[in-house]
1. How high is the relative contact order of the stretch 128-282, in percent, with contacts defined as C-alpha pairs under 8 Å that are six or more residues apart?
2. At a threshold of 8 angstrom on Cα-Cα distance, excluding pairs fewer than six apart, so keeping six or more, what relative contact order does the chain reach in percent?
3. Given DSSP loops and a limit of at most 16 other Cβ atoms within 10 Å, what is the longest stretch of the chain that contains no such GluC sites (Glu not before Pro)?
4. When the Cα atoms of the stretch 1-114 are enclosed in a convex hull and the volume is divided per residue, what value in Å³ results?
5. In a Debye calculation with equal point scatterers on the alpha-carbon sites of the stretch 386-427 and no solvent, what is log10 I(q)/I(0) at q = 0.17 Å⁻¹?
6. Rounded to whole Å and sorted largest first, what semi-axes of the equivalent ellipsoid does the C-alpha gyration tensor of the stretch 99-178 yield via the square root of 5 times each eigenvalue?
7. Would you tell me the accessible area of K50, worked out with a 1.4 angstrom probe on the heavy atoms of the protein chains, in Å² to the nearest 10?
8. Might you report the magnitude of the Cβ-based charge dipole of the chain about its Cα centre, with Lys and Arg at +1 and Asp and Glu at -1, to the nearest 20 debye?
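The values are calculated or read from the model by the stated rules, or taken from the named source; none is laboratory data. Since this is a predicted model, take the numbers as computed values, not measurements. Note that we place each Cβ from the backbone using ideal geometry, even for glycine, and neighbour counts take in every protein chain shown. Accessible surface is based on the protein model in full, side chains and every heavy atom, while ligands, DNA and RNA are left aside. Shrake-Rupley method; radii C 1.70, N 1.55, O 1.52, S 1.80 Å.
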Amino acid sequence: MAASETSTPVHPGWPVVGNTLEFARNPLAMFTRLSQQYERVVRISIGGRKQFVALRPEDVKYVFQENNRNYVRSPAFMILKRFLGEGLLTSDGDFWRRQRRLAQPAFHRQKLAILAQTMVEEAVGWVDELAESVEAKPGAPVNMSQSLMDVTMQIVCKTLFGTEYAAVSGAGHIKGLSHSLETLNYLANQMLLTPVKVPRSWPTPSNVRFRKASALVDNLIYGFIATRRQTGESRDDLLDMLLHAVDEETGAVMSDKQLRDECVTLFTAGHETTAVSMAWTLSLLATHPDIQARVQAEVREKLGTDRVPGADAFRSLTYTLQVIQESLRLYPPAWAMSRMALADDQLGPHRVPAGATVLVSPYVLHHDPRHWEQPDRFDPDRFAAGREKERHPYAYLPFGGGPRLCIGNQFALMEMQILLGLLLRDFTLQRPEKLPVPQPLITLRPKTPLHLVMQRNTNWFS
Ligand code: HEM
């Protein structure tokens with residue numbers, strides 16, 4: 001007998017608004033309750049939309065991997081198209097598959113090794129600047145949330161556009177590409193989170209700001225592309241890799257519009273997520289001095305005293321990587337993900353009708369005692385080699401899974417190893433007075449910016 005939709009439990013809520021208020025009050029607590037109260041799948045209603053929450057890793061695997069062709073981006077993503085165009089994050093179906101095939105080689109190991117050297121140079125500059133500000137005001141807390149946003153933005157812009165970006169940001173007459181991209185990102189997030197959608201044509205202050213920033217970004221990026229096409233010069237950056245990408249199946253290359261959309265997408269997807277993960281990692285290390293000391297011992301041994309170590313050295317920071325993985329478990333920036341079913345489907349006995357949204361929360365899976373012993377404890381040894389066998393592969397998904405797995409996952413891990421390694425080589429983080437509380441917006445970020453007192457490690461270079 002075919003299972004019916006009614007066999008799926010419905011989480012009780014209020015008339016008309018359903019579970020919207022419970023969700024708005026504290027989404028993490030609500031999803032945690034759902035995973036404690038229900039076995040496998042539960043139906044909720046947020047903002048008038050009926051949604052199915054998949055609570056088991058095997059169902060997440062089914063949606064993300066085994067039957068992924070039946071699941072597309074949910075309608076909420078469409079708002080981002082205004083800013084991102086048809087990039088990897090917002091496209092679906094054959095168009096997405098082709099773009100993914102074209103972009104994938106830019107993230108292969110050898111290509112990343114080239115980008116990693118740019119990351120190291122930027123990170124050394126960042127640590128030097130921090131040293132100056134700490135020396136100017138010893139013992140004063142530094143706003144690390146802001147500092148990390150700045151350095152990850154710098155890194156994503158430099159790895160995307162290389163020398164052109166350096167020229168543009170050095171030129172006094174424009175405010176800079178990064179500033180405008182940041183404005184667009186901010187306004188697009190606002191639009192996503194505001195229930196009342198204002199038509200684009202209205203001259204509201206945000207629409208005007210949006211149009212101005214859009215025009216600047218487009219002018220610059222199309223300018224970069226045109227210069228590269230004219231000169232035919234090769235560079236060591238992502239734009240170059242995308243520009244020269246050829247689809248092996250069809251021989252097709254990306255148009256200027258596709259290049260623009262992918263560049264803006266990579267900027268958006270690759271910047272805030274990394275900054276936020278780094279902030280959580282630092283906050284965990286500042287409150288676990290024993291683990292911080294273990295990272296510092298590894299860094300001291302593997303990086304040596306070269307001011308600018310070779311990028312390869314960072315690959316051997318294995319314990320540092322475990323710390324980052326564990327921090328991504330406790331605070332996954334993408335704390336919830338959604339998909340829309342194209343055709344009717346089944347998750348075990350539960351029917352998912354065509355058009356329904358399926359929600360998955362990495363945050364909940366990462367804190368589920370069925371998959372993790374003492375799930376709230378910060379214990380990087382969970383990620384020691386070989387221990388992944390102890391859990392279902394879909395019980396840990398900070399980068400998603402299946403064909404839509406984050407294309408920048410290795411880029412992000414490398415970047416974080418570099419930033420963390422170089423920071424802890426020079427500094428020791430002091431325990432903060434107040435620990436940041438998670439705030440689940442589009443990413444899971446600290447509710448208030450992370451301020452840390454940092455002490456300079458003076459004796460390492462003597
Ligand atoms: C710690 C940092 C990061 C985290 C936690 C993260 C997380 C994720 C997750 C969970 C997804 C899948 C979303 C879904 O399936 O609905 C995703 C997709 C994506 N990420 Fe990341 N990401 C990070 C860094 C980056 C970086 C550095 C880049 C690029 C340089 C990047 C580019 C992308 C792109 C383009 C997609 C869409 C892929 C597709 O659908 O084909 N991400 N990311």
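1. Values: 99 pairs, mean separation 55.9, N = 155.
It rounds to 36 percent for the stretch 128-282.
2. Values: 635 pairs, mean separation 114.2, N = 462.
Computed value for the chain: 25 percent relative contact order.
3. Numbers: sites that count: E39, E233, E248, E249, E373, E433.
Formally, the longest exposed-site-free interval is 40-232.
4. Values: hull volume 20.9 nm³, N = 114.
So the per-residue Cα hull volume is 183 Å³.
5. -0.65
6. Details: eigenvalues 160, 57, 25 Å².
Value: 28, 17, 11 Å, ordered largest first.
7. My reading of the accessible area for K50 is about 120 Å².
8. Values: 52 positive and 48 negative charges, 255 e Å.
For this selection, approximately 1220 debye.
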